[in-house]
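J.: Please read through the structure below; I'll follow up with questions.
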Amino acid sequence: MSLVELGRYDRNLANIIVGRLDAEGIDAIAFDGGASIADGSYLLIPVRVMVDGDDLTAAQTIVDAAQI
C-alpha cells in the first residue's frame, strides 16, 4: 500500500470526502486535520486527503462526480 494525495481541502470538506470514499469501499485518511488547532488557525490549513495509489482514479471519479 502506497498512499498518494487525492487533494487538499478545508477540514470539514476533507472529512466529508473521507466518509464518502469509505461508503464506496475506498480507504482514505485525512492528514493534517489537527494542525495548528492550538493557535486557532486550524481552518486555514488545508487538509490532505490520502488514498491508496491503486484507488486514486476511482477516488478522483467519485470526487469529480460530486462536483467538489
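J.: What does the net charge come to around residue 2 if you take all other residues with beta carbon closer than 10 Å to its beta carbon, with K and R at +1 and D and E at -1?
T.: After counting each charged neighbour, the total is -2.
J.: How much length is gained if the chain between residue 1 and residue 67 is pulled fully straight, taking 0.36 nm per residue apart and subtracting their Cα-Cα distance, in nm to one decimal?
T.: 21.0 nm
J.: Suppose each label sits 7 Å from its Cα in the direction of the beta carbon; what would the residue 56-residue 8 distance come out to in nanometres?
T.: Between residue 56 and residue 8, the simple spin-label model gives 1.7 nm.
FYI, it's all coordinate maths here, none of it is from the lab. In this text the structure is predicted, and so the values were computed from the model without any measurement. Cβ sites come from the backbone with ideal geometry, for glycine too, and all protein chains shown count toward neighbours.
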